[in-house]
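The values are calculated or read from the model by the stated rules, or taken from the named source; none is laboratory data. Please read all numbers here as calculations on a predicted model, not as lab measurements. For neighbour counting, all protein chains shown are included, and Cβ atoms are generated from backbone atoms with ideal geometry for every residue, glycine included. Protein only, heavy atoms only, side chains kept; ligands, DNA and RNA dropped before computing areas. Shrake-Rupley method; radii C 1.70, N 1.55, O 1.52, S 1.80 Å.
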Amino acid sequence: MFPVTVAGISMGGGSNPSLMHMDPICLCPGPYGIDMPGIGMTFWEPTFLAEVARTPGCMSTLGGTQVLTGYDSLTSNQTYGSGRGDSSVTRMQIHWYIYPLFSVLNMMSSLGCMNTSGFNLADLTEVDATWQDDTWTSIAFPESALFANPVGALSCIPDAVASAAGRPLDMMFWCQGSQGVVYPLTGSSTTHSSPQGGNLHILGKYMQRKTRMAGLLSTTGPWAECQSVYLPNMIRSQYRIDPVAPVASNQTAVLGMSEFRWGMLPPANTAVRTDSAFLIWVGKQCCAL
């Protein structure tokens, strides 16, 4: 969760993205619409858990519980190793949980702007036909035609360099660093050198899609000092990703960071487990009135 800043004083070490900043004293609407002074705070909160699943309906973080039947045709055929000239495509499913860990453990309850909801399975992409079909999704998100091409991929080189250092370029919303272009916003990913890279790519596609549909709000930036707001494109720097399965990593990733920095597993593991699970931390700004 660190660094935590209170009234401009940073605690716990580390640094925040440039957009994640609060002045020591802030003003936000209070009762009856009157602006009230408060203390500016920032912190990181574990808020979501995402499974990137090869087998439809298999909830890997719930012990492999099967919650869907009749979706076997969506099982992915995975091939990795882009260096060999492969052109195959992997399609995975996302199981999205609301997972406010601090609230569940009754931690940091006195801190402002905390998520107070409980654990909840919020979404399964198996039941969304547009997640399975690039054409239908391109109709829903027509900007795909601008970015899902070789020119769009070449334009992402600066973002790949920045993401490798953990500082993604938020203005390049169509990019996801070393994973390439996020469009089309479906569960498909062209071949990568490992399951981990492809799975992070697909997670980023889902999160951009969810942001566009107002399922994820902006919680950092000067526009979000008093409340979370809708933006049409994801602010990637407001998320920290902890790989927790198939083997937990002690390295934190950002969307676009190469898996060689955070998630390359021994071959014995990658051959058996091609699904992944990620704990997603959200950067929070708060004006504690």
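Would you please name the residue that is most open to solvent (accessible area, probe 1.4 Å), looking only at residues in segment 221-252 that are part of a helix (DSSP H, G or I) and out of contact with any strand residue (DSSP E or B) (no Cβ under 8 Å at 6 or more places or on another chain)? For segment 221-252, the residue satisfying everything is PRO222. Just one of the listed residues (LEU169, LEU185) is open to solvent by 40 Å² or more (accessible area, probe 1.4 Å) and either over 19 Å from SER276 (Cα atoms) or part of a loop (DSSP other than H, G, I, E, B) (or both), and it is LEU169. Taking the condition within 17 Å of VAL282 (Cα to Cα) and touching a Ser or Thr at 6+ places or on another chain (Cβ under 6 Å), does MET1 pass? No: the conditions fail for MET1.
Criterion applied to ARG167, ARG236 was being under 20 Å from TRP262 (Cβ atoms) and at pLDDT 95 or above, and the one residue passing it is ARG236. THR42: open to solvent by 50 Å² or more (accessible area, probe 1.4 Å) and either touching a residue at least 24 places away in the same chain (Cβ under 8 Å) or part of a loop (DSSP other than H, G, I, E, B) (or both), yes or no? It is false that THR42 is open to solvent by 50 Å² or more (accessible area, probe 1.4 Å) and either touching a residue at least 24 places away in the same chain (Cβ under 8 Å) or part of a loop (DSSP other than H, G, I, E, B) (or both).
When you scan segment 141-150, do you find a residue that is aliphatic (A, V, I, L, M), open to solvent by 30 Å² or more (accessible area, probe 1.4 Å) and under 15 Å from SER189 (Cβ atoms), even just one?
First, pick out the residues of segment 141-150 that are aliphatic (A, V, I, L, M): 145-146, 148.
Next, only the ones that are open to solvent by 30 Å² or more (accessible area, probe 1.4 Å) stay: 145-146, 148.
Subsequent filtering for residues that are under 15 Å from SER189 (Cβ atoms) retains 148.
Looking for residues that are aliphatic (A, V, I, L, M), open to solvent by 30 Å² or more (accessible area, probe 1.4 Å) and under 15 Å from SER189 (Cβ atoms), one finds at least one in segment 141-150, hence yes.
Picking from residues in segment 51-96 that are modelled with pLDDT under 85 and assigned to a helix (DSSP H, G or I), the one that is surrounded by the most Cβ atoms within 10 Å (Cβ to Cβ) is LEU74. Determine whether GLY152 is in a helix (DSSP H, G or I) and closer than 30 Å to PRO56 by Cβ. Considered against the rule, which asks whether it is in a helix (DSSP H, G or I) and closer than 30 Å to PRO56 by Cβ, GLY152 comes out as yes.
Could you say which residue among GLY215, GLY198, GLY180, GLY204 is under 23 Å from THR274 (Cβ atoms), open to solvent by 10 Å² or more (accessible area, probe 1.4 Å) and either in contact with a helix residue (DSSP H, G or I) (Cβ under 9 Å, 6 or more places away or on another chain) or acidic (Asp, Glu) (or both)?
Details: GLY215 fails: under 23 Å from THR274 (Cβ atoms); GLY198 fails: open to solvent by 10 Å² or more (accessible area, probe 1.4 Å); GLY204 fails: open to solvent by 10 Å² or more (accessible area, probe 1.4 Å).
Exactly one of GLY215, GLY198, GLY180, GLY204 is under 23 Å from THR274 (Cβ atoms), open to solvent by 10 Å² or more (accessible area, probe 1.4 Å) and either in contact with a helix residue (DSSP H, G or I) (Cβ under 9 Å, 6 or more places away or on another chain) or acidic (Asp, Glu) (or both), namely GLY180.
Every condition in (1) under 15 Å from the mean Cα position of the chain (by Cα); (2) under 20 Å from TYR97 (Cα atoms); (3) touching a residue at least 60 places away in the same chain (Cβ under 8 Å) holds for LEU217 except the one numbered (3).
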